[in-house]
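The values are calculated or read from the model by the stated rules, or taken from the named source; none is laboratory data. Note that the structure is a prediction, hence the values are computed from the model and not measured. Cβ placement follows ideal geometry from the backbone for every residue including glycine, while neighbour counts extend to all protein chains displayed. When the accessible area is computed, the model is the full protein with side chains, heavy atoms only, and any ligands, DNA or RNA have been set aside. Shrake-Rupley method; radii C 1.70, N 1.55, O 1.52, S 1.80 Å.
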Amino acid sequence: PATFDATSQPGDAVADPDASLRWWRAEFNLDKSALADPRPWAVEVGGLSKGFLWVNGHGLGRYWQDPARDARQARYTRHPHLVNTGYEAPTQRFYPIPTDWLINGRNTILVFEEQAGSPDGFRVLRRT
């Protein structure tokens, strides 16, 4: 499992727990058998709110847990990475990780959080 630590980046004095802009970093290990499994990998961002993700130095993209105001307005209800979670729930739940970005051994996730969210509930998982 990935365990996050607040981290300072060059130019930051200290990772301030009350600041809205935060950097988080986590590491997790994978072995050859996990990488050989053909099921796709994804992250679930948990309590993070809005920001950017990197996996092993690759930009995975932005996440924004903007709650859906009306589930009937969801346009992509059959897409495998979008889950129609209903009223006031995030519009996207899973963010896919390309398998070729993952390595045997230690993998690193870096998070830039813009709205003081917390990585509680963040997890790397296999999609079925």
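Values computed for the structure shown
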| item | result |
| --- | --- |
| Residue count for segment 1-46, restricted to those that are open to solvent by 100 Å² or more (accessible area, probe 1.4 Å) and at pLDDT 90 or above | 4 |
| Pair list, Cβ < 8 Å and 6+ apart or interchain, from segment 107-124 residues that are farther than 18 Å from residue 59 by Cα to residues that are among the polar types (S, T, N, Q) and loosely packed, with under 14 Cβ neighbours inside 10 Å | 115/20; 116/20 |
| Breaking point among (1) surrounded by fewer than 17 Cβ atoms within 10 Å (Cβ to Cβ); (2) modelled with pLDDT under 90, for residue 68 | (1) |
| Selection within segment 71-95 - at pLDDT 65 or above, in a loop (DSSP other than H, G, I, E, B) and surrounded by 17 or more Cβ atoms within 10 Å (Cβ to Cβ) | 92 |
